[in-house]
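Enquirer: Below you will find the structure I want to go over with you.
FYI, it's all coordinate maths here, none of it is from the lab. Because the structure is a prediction, the values reported are computed rather than measured. Neighbour counts are summed over all protein chains in view; Cβ atoms, including those assigned to glycine, are modelled from backbone coordinates with ideal geometry.
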Amino acid sequence: MIDPKDIDFYSLGFNFIATKTMFMANHKNGKWEDGKLLPFGNFEISPASCVINYGQGIFEGMKALRAKNGEVTLFRPAENSKRFNFSARRMLMPEYDADKFIDAVKRVVKANEEFIPPYDSGGALYIRPILFGYGPILGVHSAEEFKLIIFTVPVGPYFPEGFKGIKLEISKNYTRAAPGGTGSAKTICNYAGTMLPAKEAKARGFSQILYLDAIHLEYIEEVGAANFFAMINGKLATPRKSGTILEGITRESILELASKKLGIEVEEREISYRELFKDSCTEAFCSGTAAVITPIASVNIEGNERIFNDQEPGEITNKIYKLLTGIQRIEIEDEFGWITKV
Ligand code: PLP
Ligand code: COI
């Protein structure tokens, strides 16, 4: 483990760095054992474990932020707990009590306090709760033993561009999720399949793929690790909850901020990628815990490019970014009750 004093918190990217402590709880014989804090480290697992063989695993992504006054905040942790349990049910794994989940998150954050990046670095302590089928199996069915772990990593921006526009490629070759599948659960399986498309898109000079729906290859879904928004005809539009997008907590918060704080009409609907190429679409961005709000400089499909706002963050993108990060860093009043102090 690196000594936190040796970390340059001002130049962090989104890369793994071991921190001091993790939380671990086991589910055996049909019930959860009391979890405990342990030094971050490796553990043994059977080669026949369900997660390794069949991908029975889920995760969450959260952040602890250091505010200007030194306090440490979490953003809507109850929503992460809810989604964690939704994902657990979909992957046939046991749920974990919401209060215990939030308590465990707080304990891990406190135990790793020295790794929380300072306020003025703009970084965060990323929190990664995972749950997986630990026990050995052979046929395709659930494990009987499960492990929940929560670990943390100090991070900077997810996209190295930071709050600058990223270039996205709209793919007609790959899709991320199909109706009836697992797209709205935060299961590890959804991510492995996006690695090859992302690598190919990066080789062509794009930051990521903008995925379309699997049936028509027409309607925008999301960015693979972030949700999508665009200003179209003066309204803030985002793909509707179709069962195939990950229903982001940042997404939900942005919809509330735009309508209640900025007075912008919001629309959750099917958005054809063709709409992005019209003048009525004036700006676009993506959102997520890791991505925060990342402006989209351009989208490209089969060589046709649409540049937004001279590649600069748009006016509404800027406003929403300031509101969201202001609330998260307790510089703007938390009138929605989104902040939990650690
Ligand atoms: N979409 C995907 C596929 C994600 O992995 C994430 C990140 O969690 C998001 C969207 C954004 O979700 P949230 O805002 O809850 O972080
Ligand atoms: C997050 O925003 O927390 C995510 O889960 C994205 C991740 C896959 C890096």
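Enquirer: What whole number of Å gives the distance from the Cα centroid of segment 122-164 to the Cα centroid of segment 235-313?
Expert: Rounded to whole Å, the Cα centres lie 26 Å apart.
Enquirer: Then there is this: What do you get for the angle between helix 315-328 and the principal long axis of the chain? Use alpha-carbon atoms, 0 to 90 degrees, nearest ten.
Expert: 20 degrees
Enquirer: By count of other Cβ within 10 Å, fewest leading, how are Cys189, Cys281, Cys50, Cys286 ordered?
Expert: The order, fewest Cβ neighbours first, is Cys189, Cys281, Cys50, Cys286.
Enquirer: Now a separate question. Using DSSP, restrict attention to beta bridges with both residues in segment 235-342 and report what percent are antiparallel, rounded to the nearest 5.
Expert: That works out to approximately 65 percent antiparallel.
Enquirer: Taking the DSSP beta bridges in the chain as the whole, what percent of them are antiparallel, to the nearest 5?
Expert: Antiparallel: roughly 85 percent of the beta bridges in the chain.
Enquirer: Give me the net charge of Glu312's neighbourhood, meaning all other residues with Cβ under 13 Å from the Cβ of Glu312; Lys, Arg count +1, Asp, Glu -1.
Expert: So the environment of Glu312 carries a net charge of -3.
Enquirer: What does DSSP give for segment 166-328 in terms of the percent of beta bridges that are antiparallel, rounded to the nearest 5?
Expert: Among the beta bridges of segment 166-328, antiparallel pairing accounts for roughly 65 percent.
Enquirer: Now for a different question. Which of rounded, prolate, oblate describes the chain, given a ≥ b ≥ c as roots of the alpha-carbon gyration tensor eigenvalues and a/c under 1.5 marking rounded, otherwise prolate only if a/b is larger than b/c?
Expert: It is oblate, given that a/c is not under 1.5 and a/b is not larger than b/c.
Enquirer: Under the rule a/c < 1.5 gives rounded, and otherwise a/b versus b/c splits prolate from oblate, where does segment 207-321 land using the Cα gyration tensor?
Expert: rounded
Enquirer: On a 0 to 90 degree scale, rounded to 10, what angle separates helix 98-111 from the longest Cα axis of the chain?
Expert: 90 degrees
Enquirer: Quick check: from the Cα gyration tensor, does segment 37-94 come out rounded (a/c under 1.5), prolate or oblate?
Expert: Verdict is oblate for segment 37-94.
Enquirer: If you don't mind, there's one more thing I want to ask. Expressed as a fraction of 2.2 N^0.38 Å, the rule-of-thumb size for a compact globular protein of N residues, what is the C-alpha radius of gyration of segment 234-295?
Expert: Ratio of Cα Rg to 2.2 N^0.38 Å: 1.11.
Enquirer: By counting other Cβ atoms within 10 Å of each Cβ, how are Met1, Met62, Met231 ranked from fewest to most?
Expert: Met1, Met231, Met62
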